[in-house]
1. Under the definition of Cα pairs under 8 Å and six or more residues apart, what whole-number percent is the relative contact order of the stretch 81-150?
2. Report ³J(HN,Hα) in whole Hz for each residue of the stretch 46-63, in order, from the Karplus equation J = 6.51 cos²θ - 1.76 cosθ + 1.60 where θ = phi - 60°; Gly and Pro get x.
3. Percent antiparallel among DSSP beta bridges with both residues in the chain, to the nearest 5?
4. Specify whether the C-alpha gyration tensor of the stretch 31-90 places it in the rounded, prolate or oblate class, a ≥ b ≥ c being the square roots of the eigenvalues: rounded for a/c under 1.5, otherwise prolate if a/b is larger than b/c and oblate if not.
5. Roughly how many Å² is the accessible area per residue of the chain, as a whole number, for a 1.4 Å probe?
6. Quick one: which residues, 5+ away or cross-chain, put their amide H under 5 Å from the amide H of Asp127? H built at 1.01 Å from N.
7. Can you show me the helix-derived [θ] at 222 nm for the chain, built from DSSP H runs with n ≥ 4 at -39,500 (n - 2.57) apiece and divided by the number of residues, rounded to the nearest 500.
8. Once both labels are modelled 7 Å past Cα along the beta-carbon direction, what's the Ala46-Lys107 spacing in nm?
Amino acid sequence: MDILDKARERGQENQLPYAGAVTPSEAYALLQTNPNVKLVDVRTNAERDWVGRVAIPEDQHAAVQWSTYPGGVPNPAFMDELAQTADKNQILLFLCRSGVRSRHAAKLATENGYPHCFDILEGFEGDKDADGHRKSVGGWCKAGLPWVGA
């Protein structure tokens with residue numbers, strides 16, 4: 001079974017309102033093997049600037065804020081901005097800090113005609129550890145995948 005089949009199976013098992021879900025390592029493998037796959041980072045610009053961002057080819061990366069900084073107000077232009085950077089037939093992998101906003105983004109994109117939306121489980125930083133710090137319990141960074149920043 002290939003990565004996308006496994007991701008779609010996760011989606012069906014969990015009755016997800018989008019195509020499916022991938023682990024960070026699976027997301028990276030898809031990006032390496034298929035140049036048409038795009039990672040959509042839905043964190044705020046501040047998060048990408050101050051915390052870090054994935055290190056993948058620019059043409060496979062999109063930054064579309066789910067909410068804005070400061071204030072955390074929902075981005076009213078989310079779908080318009082997504083349309084400017086992604087084709088409706090592309091495989092889209094949505095990423096946020098810990099896997100919450102990315103699920104909402106994948107659902108909204110699916111509802112707006114993007115049939116190949118996948119959530120990246122665990123997000124960029126993963127959950128907090130016992131000391132309240134991130135990047136050590138799950139996520140893109142913990143998986144040892146390429147990233148740059150703080």
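The values are calculated or read from the model by the stated rules, or taken from the named source; none is laboratory data. Note that the structure is predicted; figures quoted are calculated from it, not measured. Heads up, the Cβs are rebuilt from the backbone with ideal geometry, glycines too, and the neighbour counts pull from every protein chain shown. Protein only, heavy atoms only, side chains kept; ligands, DNA and RNA dropped before computing areas. Shrake-Rupley method; radii C 1.70, N 1.55, O 1.52, S 1.80 Å.
1. About 25 percent, as a whole number.
2. After applying 6.51 cos²θ - 1.76 cosθ + 1.60, I find 4, 4, 5, 6, 9, 9, x, 8, 5, 10, 9, x, 4, 6, 9, 10, 9, 10 Hz.
3. Bridges in the chain that DSSP calls antiparallel: roughly 25 percent.
4. Because a/c hits 1.5 or more and a/b fails to exceed b/c, the stretch 31-90 counts as oblate.
5. Details: 7380 Å² over 150 residues.
For the chain, the solvent-accessible area averages 49 Å² per residue.
6. Those lying under 5 Å, H to H, from Asp127 are Val137.
7. -9000 deg cm²/dmol
8. Result: 2.5 nm between the two label points.
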